[in-house]
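Written below as structure tokens is the structure these notes are about.
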Amino acid sequence: MPDFLLERAAPQPVAGIDEAGRGPWAGPVVAAAVILPEDALAPGLLTLLDDSKKLTEKRRDRLFDALLANDAICIGVGMASVDEIDSLNILNATFLAMRRAAEHLPRLPAHALVDGNRLPPGLACSAETVVKGDGRCCSIAAASVIAKVFRDRLMRELAESYPGYGWRRNVGYGTAEHRAAIEKHGITPHHRKSFSPVAAFIT
């Protein structure tokens, strides 16, 4: 389970940064930055916090709402669009989303803990990477939940305008249903044309 050991050792205030949506065929990549004071969440909620991929949708939603409702917690969200993903590549677009998330924090952190093994260039504070940080570090786990739920809800909103692609279920990821929909309906403005499964359908 994630803990606060890395936060305690870092210059304060410290933000955890994580992303959601590097792999899908459609939709933006979303990043979140979270400054999570150790005493901000009730103990019962804190024990639920983990890598968002390990949590049920119901638990993610509960944590998302609790994090946003707490004035002691600082949250920034950043996105990189499909056009930016196609022009920059997914790695650099992810870095851009992370920088934007950090810039959207209500206050500047002194240090950032970034999930993964590569730092986004251009952060306005010192930073370090944390491999599998969303399962080790509470502030990164919180960022993981914010980014995941924010992006999932966005894709479900887009599904209202593009109902044939199964985005309410697959949130843009490559599934048999999604592939069949592209074969039947073609691609949308929200598809990543630089991704090979999508590029194969561009004529």
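Nothing charged except the Cβ atoms of Lys and Arg (+1) and of Asp and Glu (-1): what's the magnitude of the dipole of region 30-172 about its Cα centre? Round to the nearest 20 debye.
So the magnitude is around 360 debye.
Picking from Met155, Ala143, Tyr165, whose Cα lies most toward the positive end of the charge dipole for region 126-166 (charges on Cβ: Lys, Arg +1; Asp, Glu -1)?
Of the listed residues, the answer is Ala143.
Please report, in debye to the nearest 20, how large the charge dipole of region 79-139 is about its Cα centre when each Lys and Arg carries +1 at its beta carbon and each Asp and Glu carries -1 there.
260
Given the rule -39500 (n - 2.57) for each run of at least 4 DSSP H residues, summed and divided by the residues of the chain, what is its mean residue ellipticity at 222 nm, to the nearest 500 deg cm²/dmol?
Counting only the DSSP helices, I get -12000 deg cm²/dmol.
Take the Cα radius of gyration of the chain and divide it by 2.2 N^0.38 Å, with N its residue count; two decimals is plenty.
Here the Cα radius of gyration is 1.03 times the empirical estimate.
Using θ = phi - 60° and the Karplus form 6.51 cos²θ - 1.76 cosθ + 1.60, what ³J(HN,Hα) does each residue of region 75-81 get, whole Hz, x for Gly and Pro?
Couplings: 10, x, 10, x, 10, 10, 6 Hz.
Got a sec? Charge dipole of the chain, +1 on Cβ for Lys and Arg, -1 for Asp and Glu; which of Ala72, Leu48, Phe201 is way out at the positive end?
Projecting each Cα onto the dipole axis, the largest value belongs to Phe201.
Probe 1.4 Å, all protein chains in place: accessible area of Cys125 in Å², nearest 10?
Counting only protein heavy atoms, Cys125 exposes about 30 Å² to solvent.
Separation of region 141-167 and region 51-130 by C-alpha centroid, Å?
Cα centres, region 141-167 to region 51-130: 16 Å.
So if I take the alpha carbon set of region 105-203, get Rg, then get Rh from the Kirkwood formula, what is the Rg over Rh ratio?
Using Cα coordinates only, the ratio equals 1.09.
Can you find, among His185, Leu88, Trp25, the residue sitting farthest towards the positive end of the charge dipole of the chain, where Lys and Arg contribute +1 and Asp and Glu -1 at Cβ?
His185
Take every Cα pair under 8 Å in region 1-52 that's 6+ residues apart, average their separations, divide by the length, and report that relative contact order as a whole percent.
After rounding, I find 36 percent.
Determine, for the chain, the count of lysine pairs separated by eight or more sequence positions (or lying on different chains) whose alpha-carbon distance falls under 27 Å.
For the chain, the number of qualifying lysine pairs is 10.
As a test of reading the structure, rank Asp39, Asp50, Asp3 by solvent-accessible area (1.4 Å probe, protein chains only), most first.
Order by accessible area, largest first: Asp39, Asp3, Asp50.
Of all GluC sites (Glu not before Pro) in region 108-201, which ones are in loop regions per DSSP and have a Cβ with at most 12 other Cβ atoms within 10 Å?
Here no loop site has a sparse enough neighbourhood.
What fraction of the DSSP beta bridges in the chain is antiparallel, stated in percent and rounded to the nearest 5?
For the chain, the DSSP antiparallel bridge percentage is about 55.
To one decimal place, what Kirkwood hydrodynamic radius in Å is obtained for region 5-65 from all pairs of distinct Cα atoms?
Kirkwood radius, region 5-65: 13.5 Å.
Enumerate the calculated ³J(HN,Hα) couplings along region 10-22 in order (Karplus 6.51 cos²θ - 1.76 cosθ + 1.60, θ = phi - 60°), each rounded to whole Hz, writing x wherever the residue is Gly or Pro.
9, x, 9, x, 10, 10, x, 10, 8, 10, 9, x, 6
Quick one: 3J(HN,Hα) in Hz for region 83-98, Karplus 6.51/-1.76/1.60 with θ = phi - 60°, rounded, Gly and Pro as x.
4, 5, 4, 5, 8, 9, 5, 5, 5, 5, 5, 5, 4, 4, 4, 5
Could you tell me which of rounded, prolate or oblate describes region 87-153, using a ≥ b ≥ c as the square roots of the eigenvalues of the alpha-carbon gyration tensor, with rounded for a/c under 1.5 and, failing that, prolate when a/b is larger than b/c and oblate otherwise?
Here region 87-153 falls in the rounded category.
Name the longest site-free stretch of the chain, where the excluded sites are trypsin sites (Lys or Arg not before Pro) in a DSSP loop with no more than 11 other beta-carbon atoms within 10 Å.
Counting only loop sites that pass the neighbour cut-off, the longest clear stretch is 1-106.
The values are calculated or read from the model by the stated rules, or taken from the named source; none is laboratory data. For clarity, every value in this text was computed on a predicted model and none was experimentally measured. Glycine also receives a Cβ, built like all others from the backbone with ideal geometry; neighbour counts cover every protein chain displayed. Only protein heavy atoms, including side chains, enter the accessible area calculation; ligands, DNA and RNA are left aside. Shrake-Rupley method; radii C 1.70, N 1.55, O 1.52, S 1.80 Å.
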